[in-house]
1. Please find, within the range C:140-159, the residue that is farthest from B:Gly146 (Cα to Cα) out of those that are at pLDDT 85 or above and open to solvent by 10 Å² or more (accessible area, probe 1.4 Å).
2. When you look at C:Gly46, is it open to solvent by 20 Å² or more (accessible area, probe 1.4 Å), modelled with pLDDT under 90, out of contact with any His (no Cβ under 7 Å at 6 or more places or on another chain) and over 24 Å from C:Leu164 (Cβ atoms), yes or no?
3. Please verify whether B:Arg98 is open to solvent by 60 Å² or more (accessible area, probe 1.4 Å), more than 10 Å from chain C (Cβ to nearest Cβ) and out of contact with any strand residue (DSSP E or B) (no Cβ under 6 Å at 6 or more places or on another chain), treating the condition exactly as stated.
4. Could you grab the pairs with beta carbons closer than 8 Å, sequence gap of 6+ or different chains, first residue in the range B:18-38 and at the interface with chain A (Cβ under 7 Å from one of its Cβ atoms), second one modelled with pLDDT of 75 or more and not in a helix (DSSP H, G or I)?
5. Hey, any hits in the range C:26-39 for a residue that's open to solvent by less than 60 Å² (accessible area, probe 1.4 Å), within 14 Å of C:Gly105 (Cβ to Cβ) and assigned to a helix (DSSP H, G or I)?
6. Please verify whether C:Ala124 is more than 14 Å from every other protein chain (Cβ to nearest Cβ), under 30 Å from C:Ala194 (Cα atoms) and open to solvent by less than 10 Å² (accessible area, probe 1.4 Å), treating the condition exactly as stated.
7. Residues being free of Cβ contacts under 8 Å to residues at least 12 places away in the same chain and among the β-branched types (Val, Ile, Thr): count how many of those fall in the range C:40-76.
8. If I filter the range B:1-17 down to residues being among the aromatic types (Phe, Trp, Tyr) and open to solvent by less than 70 Å² (accessible area, probe 1.4 Å), which single residue comes out as nearest to the other protein chains (Cβ to nearest Cβ)?
Amino acid sequence: MTTRLLMATVLFCAIGAAGTIWPSIDRYTATTVLAQQPAPVDEFVPIDQLPPQDQLPAAPLLVTAYAFVVLMLFAYVVSLAKRLGGVQRDLERLQSELKHTGRS
Amino acid sequence: MPKWFVPLAVVCAVMFAVSPVLIANAPYESTMGLVQKIFYVHLPSAWVFLLGAIVCGIASARFLFKGDPRQDRLAWAAAELVVVFGIITLVTGPLWARKAWGVWWQWDVRLTSSLMGWMVSVAYLLLRQFGGPGSEKLAAGLALFGMANVPFIYISVNYWRTIHPTTSVVPTLPTSFGLPLWFSAIAFLLLFVLLLRMRVRLEEQRATLDTLYLSADA
Amino acid sequence: MFTRIVWLVLRKDLMVEIRSLEIAYTTIFFAVSCVLVFAFALVQEGRAPTDGAAGILWIAIAFSGTLALGRTFERERQAETLKALLLAPAARPAIYVGKLLGIIGLMAVTEIVLVPLVSLFFQAPFFTRPLWLAAVLLSGTIGFAAVGTLFAAMLVRARTRDVLLPVLLYPITVPVIIAGVRATAALLQPDLDAGIIQFWVALLVCFDVVFVTLALWTFEPVMTD
């Protein structure tokens, strides 16, 4: 049962993480003024010095990528939990049956 | 489940909750801009993908020559994670490439060898799933051959011009880029360990179930 | 002792094959129809695509090789002779080498038919450098067959062996296909660049050495229940 609880926690955090990243993406794409960024080191130019067409089309790609990662991991954890639950159920049923018939 | 599982899961969950903040606050890279942030999931998942393949290969070799069923279960679990993290790597990569290189896919050495490695692990899972009894040894042989194949794929594909950023970029990254990357990498590593343990657990339960069925029939 | 077992296994396979010629005929015919399909698909207005011949040759080799591998071991399975062979007090690696040589022979026969055919249909000057061509084909065939023989032998016990053989074999033999196609394409160039062909043949030879060694090493544990 602890496994289930843990997985739920992990999932919740993953979804929460996805939620936290949304506003920041929104912020960067909705406005082209991005002066609040910390000054980057060396050859990395702050984004506000770039032509605006370089910034905008990237957002859907980025969102797709992060959404895919979250969904993929979510789907995998769910499938794993399902399979674990199924095997656990079979195991318990079989054990009780064995006990019932008086063998171990 | 072992004792370390719960604390590790909590740490992993916290790290996954914190890493988006770090990633969002990381500065923009000058030439690629926003899309470069895919890098913080693409590279860690690629590393975990590679790690899973190595675990699978070593476990398979040990199973084949020592015959320890625990190694076989580990190999199966690792192969499944290789497929999962491989999909993540292979999907996030083109999304980045679309912006950075202007193409979705390039027959470059690292992309092609990742794809072939992923294909081998899918073949491994297909073999485990549909091979019927006795397929575990065959799968172990396949994993071993897949491992031995990596340098050949790498060399043969390398003959074409490569445009993938080289690995030497990573250590020279400024800390503002490096911190979220390493943080994310550790989070992925923890996730890999946790999922691997859970997947091995599934196989252990199945093995117990099989022995119980056998004892019930006897 | 080792070479004697190899020879006995090889002779047994050859004798069974020569009596019926079933696998040889079906494989060659399959390879020919494969090339024809490519000819219908790719040759337009009587002109073949440049560099297409090398790729078509290797696809036909890979496909017909898979068919030959599957059929060879299917025959062993039907009569349970593979089990009998493995029960014999003979070294497993020797049995593997015997089977491997048989497959290589079969694929070589197919290639002898295929090369002129592709050369004819796709106007490819394959025969200007026969020695290089032989080197590329031989090293590529050994690499493909080395992996294929082991996998086909392993899959004899598996339920869905017909589907699984190509599924397992093609991802592993990607370097062979790449190297074979590139080397053959380099052969077809009007001005021969020996360095490129040398590189690919060297890669193929390395592949052969590594994978034959690995197969000899794993054949024993894999074929033991």
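The values are calculated or read from the model by the stated rules, or taken from the named source; none is laboratory data. Note that the coordinates shown come from a computational prediction; the quantities given were computed from them, not determined experimentally. Reconstructed Cβ throughout: ideal geometry from the backbone, glycine too, with neighbour counts over all protein chains shown. With ligands, DNA and RNA removed, areas are computed over all heavy atoms of the protein, side chains included. Shrake-Rupley method; radii C 1.70, N 1.55, O 1.52, S 1.80 Å.
1. Here the residue is C:Val156.
2. yes
3. Against the criterion (open to solvent by 60 Å² or more (accessible area, probe 1.4 Å), more than 10 Å from chain C (Cβ to nearest Cβ) and out of contact with any strand residue (DSSP E or B) (no Cβ under 6 Å at 6 or more places or on another chain)), B:Arg98 qualifies.
4. B:Lys37/B:Ala26
5. The answer is yes; a qualifying residue exists.
6. yes
7. 1
8. Restricting to residues being among the aromatic types (Phe, Trp, Tyr) and open to solvent by less than 70 Å² (accessible area, probe 1.4 Å), the top hit is B:Phe16.
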